[in-house]
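Have a look at the structure below before the remarks.
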Amino acid sequence: MAKSSSPTDTEAAGAALAAELRPGDVVLVSGDLGAGKTTFVRGALRALGVTAPVTSPTFVVGQLYADGRLAHLDLYRLQGLDDEDPGLLDPYFGPDTITFVEWPEQAETETAAAGGRPVTRHVTLEHAGGDTRTIA
């Protein structure tokens with residue numbers, strides 16, 4: 001478990017995880033509103049070479065970066081995946097795509113949140129008072 005006392009620390013934790021990822025990996029990122037999920041993912045994506053702005057894809061479900069080699073999903077607005085188009089998330093789970101999924105709890109199962117692929121890591125960010133977060 002790591003502690004973060006700033007957005008810079010949270011991005012650094014994401015960058016550290018990114019160094020361990022390989023094509024096809026799926027990272028689930030959980031935490032309450034404002035816990036730093038997008039900040040964590042931003043750090044990981046920056047470490048993987050993304051220079052474009054990285055913001056929460058809440059209203060568009062997902063963003064693809066680096067010609068589809070990197071994906072960032074936010075399932076917050078979904079009320080489960082059973083009522084969605086079965087192919088809704090397919091573009092974000094290519095065989096060589098590293099995929100980050102915020103709010104995986106919105107899917108019925110962890111497997112559904114990961115597009116049927118094995119989960120490489122499940123990161124949880126929690127408020128720990130003030131600007132401090134725990135990252136596990």
Options (i) 25, 15, 15; (ii) 22, 17, 13; (iii) 36, 15, 11 for semi-axes √(5λ) of the Cα gyration tensor in Å; the value derived from the coordinates is listed as (ii)
Under the 7 Å Cα-to-Cβ spin-label approximation, E20 and A66 lie apart by a distance in nanometres of 1.7
Given 33-42, 124-133, 63-72, the highest-first ranking by average Cβ count within 10 Å works out to 33-42, 63-72, 124-133
Nearest 10, in degrees from 0 to 90: the angle of helix 7-18 to the longest Cα principal axis of the chain is 50
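No lab work stands behind these numbers, since they all come straight from the coordinates. Here the structure is a predicted model, which is why all the values come from computation and not from measurement. Glycine also receives a Cβ, built like all others from the backbone with ideal geometry; neighbour counts cover every protein chain displayed.
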